[in-house]
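The values are calculated or read from the model by the stated rules, or taken from the named source; none is laboratory data. Model, not experiment: these values are computed from the prediction. For neighbour counting, all protein chains shown are included, and Cβ atoms are generated from backbone atoms with ideal geometry for every residue, glycine included.
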């Protein structure tokens, strides 16, 4: 069996990041979320989100009963860099791949749900504005109140904030 691991929200201006693990053959899944606070000072500076990703995956391995011989196909994104290294040291079979299909769809759906829980808007509203520019426009419509949803740890935020 193969377990796919994907993220959603890493490149998005607002919200945290969702990590999804899904066993392809059975559809069993484990979902974890890295809160927005990890993408703001001071946690962002110390890359606490990388440790959080590793922790979510280790919890998923336990929950799903993944054995070392079961391949883990992990998204190629930077957010998984520390987790991949840790998993390989622990003896897991890790392969970097582009995740598509049901696992990617689950990650995207779960990220949208996380934004709805944060109070960004309804599922439809979030889906309609889902792009960097869409989120940036939404934040700028009420910067004073909506900046609280932004990943302000990114260096580029100061430039986009002043646009």
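What is the number of the single condition among (1) surrounded by 16 or more Cβ atoms within 10 Å (Cβ to Cβ); (2) touching a strand residue (DSSP E or B) at 6+ places or on another chain (Cβ under 8 Å) that residue 102 does not meet?
(1)
Checking residue 96 against (1) surrounded by fewer than 16 Cβ atoms within 10 Å (Cβ to Cβ); (2) modelled with pLDDT of 95 or more; (3) assigned to a helix (DSSP H, G or I); (4) in contact with a helix residue (DSSP H, G or I) (Cβ under 9 Å, 6 or more places away or on another chain), only one condition comes out false. Which one?
(3)
Within the bounds of region 73-84, is there any residue that is out of contact with any helix residue (DSSP H, G or I) (no Cβ under 7 Å at 6 or more places or on another chain), more than 29 Å from residue 46 (Cβ to Cβ) and surrounded by 14 or more Cβ atoms within 10 Å (Cβ to Cβ)?
No - not one qualifying residue is present in region 73-84.
Which one is farthest from residue 163 (Cα to Cα), of the residues in region 122-149 that are touching a residue at least 12 places away in the same chain (Cβ under 8 Å) and either in a loop (DSSP other than H, G, I, E, B) or touching a strand residue (DSSP E or B) at 6+ places or on another chain (Cβ under 7 Å) (or both)?
Checking each candidate, the answer is 130.
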